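The values are calculated or read from the model by the stated rules, or taken from the named source; none is laboratory data. A quick note: this is a predicted structure, and the numbers were derived from the prediction, not measured. No Cβ is skipped: glycine too gets one built from the backbone with ideal geometry, and neighbour counts run over all protein chains shown.
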Amino acid sequence: MVQYKCFKCEKSIVSKALEKRFVCPHCGSKIFYKPRTKIKKVKVK
Ligand SMILES: [Zn+2]
C-alpha cells in the first residue's frame, strides 16, 4: 500500500483514494509527496 502525503495539509492519503481523482480529499490540493518509509525514531544523546 502506497501512501502519499499532501503537501498543503500534510495529511496522509492512500494511493487508492487518488486513483479516481488526483486531488487531496481534505483540502483539494494537487501536490503530493511520498513520505519516507517508516523512520525509526532513535533517542540520541
Ligand atoms: Zn491536503
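For this structure, a couple of remarks:
- Number of positions in the range 18-45 that are among the hydrophobic types (A, V, I, L, M, F, W, C), surrounded by 10 or more Cβ atoms within 10 Å (Cβ to Cβ) and modelled with pLDDT under 85: 1
- Single match in 23, 44 (criterion: free of Cβ contacts under 8 Å to residues at least 12 places away in the same chain and within 12 Å of the ligand (Cβ to nearest atom)): 23
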